[in-house]
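Below you'll find the structure, written out as structure tokens, and then a few comments.
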Amino acid sequence: NAGVTQTPKFRVLKTGQSMTLLCAQDMNHEYMYWYRQDPGMGLRLIHYSVGEGTTAKGEVPDGYNVSRLKKQNFLLGLESAAPSQTSVYFCASIGPSGSVAKNIQYFGAGTRLSVL
Amino acid sequence: KQEVTQIPAALSVPEGENLVLNCSFTDSAIYNLQWFRQDPGKGLTSLLLIQSSQREQTSGRLNASLDKSSGRSTLYIAASQPGDSATYLCAVGGGGADGLTFGKGTHLIIQP
């Protein structure tokens, strides 16, 4: 049972380049999340999904897009990377549905992204 | 908007001491509160989850309490060990599926 797996672990981009971060969970969880963690800012929610085919904006969604085509995968896209998007990105999931209050969030190991 | 504050931001204590980490939140309408541990360069590991109807949870040497009406939680670590050195994060769930609101963490160092 791998839990929540994020790929890649590290990436360096040039300003204006695009990339997609992949999050995969094997726990059959309904809810999935993308956060970013910056020094002095804590973790902030970018986008989330309550199920296959559904996504919603979090606290800091600008510059990012997401897709949840399969229940186990949640993709985070940067269409035109900017230096302000240099951060550590974490994916998380909660399940099963119907008991959000009782279930802990499981986190991936993170993706360290630098935009030059 | 929910805001979560953790005090202190950093703490260094000798091995064996009991210690308390503090977390406060501005909106008492929460579903749950979680304490996480984060090691350098790693992801977050959930330590304890307290539902809004509960007052405390215990796991081994860890005990977390929740006073929803006053907007406070504490994480008590008994008989600290060097392996407890990490950043501890407090996060509150506001209900529904819209994720957690995190504090900035307490960086804990346990001196051997």
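Determine, yes or no, whether B:A97 is within 26 Å of A:F90 (Cα to Cα), in contact with a helix residue (DSSP H, G or I) (Cβ under 7 Å, 6 or more places away or on another chain) and not polar (S, T, N, Q). Explain how you work it out, then say what you get.
Working: within 26 Å of A:F90 (Cα to Cα): yes; in contact with a helix residue (DSSP H, G or I) (Cβ under 7 Å, 6 or more places away or on another chain): yes; not polar (S, T, N, Q): yes.
Criteria met by B:A97.
Go through segment A:1-47 and count every residue that is among the aliphatic types (A, V, I, L, M) and within 11 Å of the chain's Cα centre (by Cα).
Summing the residues that are among the aliphatic types (A, V, I, L, M) and within 11 Å of the chain's Cα centre (by Cα) in segment A:1-47 gives 7.
Filter segment B:76-112 for residues that are within 19 Å of B:G16 (Cβ to Cβ), outside any strand (DSSP E or B) and of a type outside the set (S, T, N, Q) and give the result. Scanning segment B:76-112 gives B:A78, B:A79, B:P82, B:G83, B:D84, B:P112.
Output yes when any residue across segment B:12-27 is under 15 Å from the mean Cα position of the chain (by Cα), at pLDDT below 95 and open to solvent by 20 Å² or more (accessible area, probe 1.4 Å), and no when none is. No, there is no match, as no residue in segment B:12-27 is under 15 Å from the mean Cα position of the chain (by Cα), at pLDDT below 95 and open to solvent by 20 Å² or more (accessible area, probe 1.4 Å).
Take the residues in segment B:47-61 that are open to solvent by 30 Å² or more (accessible area, probe 1.4 Å), assigned to a strand (DSSP E or B) and within 14 Å of chain A (Cβ to nearest Cβ); name whichever of them is nearest to B:I30 (Cα to Cα). Walk me through how you get there before you give the answer.
Residues of segment B:47-61 that are open to solvent by 30 Å² or more (accessible area, probe 1.4 Å), as a first pass: B:47, B:51-61.
The next check asks that each one be assigned to a strand (DSSP E or B); those that pass are B:47, B:51, B:56-59.
Then drop every residue that is not within 14 Å of chain A (Cβ to nearest Cβ), which leaves B:47, B:51, B:57, B:59.
On the way: B:L47: 18, B:Q51: 9, B:Q57: 16, B:S59: 22 Å.
Within segment B:47-61, the match that is nearest to B:I30 (Cα to Cα) is B:Q51.
With a requirement of 2 or more residues that are open to solvent by 50 Å² or more (accessible area, probe 1.4 Å), within 11 Å of chain B (Cβ to nearest Cβ) and in contact with a helix residue (DSSP H, G or I) (Cβ under 9 Å, 6 or more places away or on another chain), none of the strands (runs of 3 or more DSSP E) lying completely within segment A:30-116 satisfies it. Of the residues making up segment B:67-95, those that are touching a residue at least 60 places away in the same chain (Cβ under 8 Å) and within 14 Å of chain A (Cβ to nearest Cβ) are B:Y88, B:L89, B:C90, B:A91, B:V92, B:G93, B:G94, B:G95.
The values are calculated or read from the model by the stated rules, or taken from the named source; none is laboratory data. Treat the numbers as computed from the prediction; the structure is a model and nothing was measured. When we count neighbours, we look across all protein chains shown, and the Cβ atoms used for this are built from the backbone with ideal geometry, even at glycine. Quick note on the areas: whole protein, heavy atoms, side chains included, nothing else; ligands and nucleic acids left out. Shrake-Rupley method; radii C 1.70, N 1.55, O 1.52, S 1.80 Å.
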